[in-house]
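Heads up, the thing below is written out as structure tokens.
Derivation of every value follows stated rules applied to the coordinates shown; laboratory data play no part. Since we're looking at a predicted model, the values are computed, not measured. Note that each Cβ is placed from the backbone with ideal geometry, even for glycine, and that neighbours are counted across all protein chains shown.
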Amino acid sequence: MRLAAAFTLLASSALAANRLQAVPFLGAADSLFGAGIEGAGVDKAGSIYAVDFNDDALSAGQIAPSQTLLYQSSNNESLVNGIRFNIDSTGAEEAYIADATTHQVYKLTERDAATGTFAKSSVFCHDEGMLQPNDIAIAPLSGRVFLSGMNWTSDSVVGNGDLWTCDSSGLAKRL
């Protein structure tokens, strides 16, 4: 009897999900982000961020609740690709930004509660052997950062990418 009830509930949930439809959150007409927008992240307040703010590959910005600049690289060789937020061991919020062309991850710290900006930016981890990095994931309990990168071409094959990890001290290691 319980199994039948579970299947009925599951079936009704699946039917309800089929009625949902995605709608654009931010359209081209009202976006301050360029064609390279990617690497979305969410902070502890639920604000949404992405890279390519003001159509600038050196920047990351807030998408919602308002569009504002969060980070601007001072290195003209940079290509910021992704952003993730974390709560450190003291309870302070920090952000990590992947830089594909310089093969490093920046760590933003000392967030101002009133403005949402970070006072400090430093290189968290770096290794010339990284393909990029592109995407970021963080293990919240250990502070370990995981990175992926790709060497995309029109004829890419299995093996044209890599995975890395950076421990909480910033030591990078290919997986």
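For the reader, a short list of remarks on this structure follows.
- On the beta carbon distance between residue 141 and residue 40, with R0 = 30 Å, the FRET formula returns roughly 0.85.
- Rel. contact order, % - alpha carbon contacts under 8 angstrom, at least six apart, the chain: 12
- FRET efficiency, 1/(1 + (r/R0)^6) with R0 30 Å, evaluated for residue 30 and residue 128 via beta carbons: 0.15
- Only helices enter this figure: runs of n ≥ 4 DSSP H residues, each worth -39500 (n - 2.57), summed and divided by the residues of the chain, yield -3500 deg cm²/dmol at 222 nm to the nearest 500.
- Relative packing of 157-166, 27-36, 95-104, 141-150, which averages over residues the other C-beta atoms within 10 Å, highest first: 95-104, 141-150, 157-166, 27-36
- In this label model, residue 174 and residue 55 are separated by 3.8 nm, measuring between points 7 Å along each Cα→Cβ vector.
- Exposed loop sites are taken as GluC sites (Glu not before Pro) in a DSSP loop (any state but H, G, I, E or B) with at most 10 other beta carbon atoms within 10 Å; the longest stretch of the chain without one runs 1-76.
- Set of lysines near residue 44 by C-alpha distance (under 24 Å), chain-local residues within fewer than 8 positions excluded: 107, 120
- For the chain, the Cα gyration tensor yields ellipsoid semi-axes of 31, 22, 20 Å (square root of five times each eigenvalue, largest first, whole Å).
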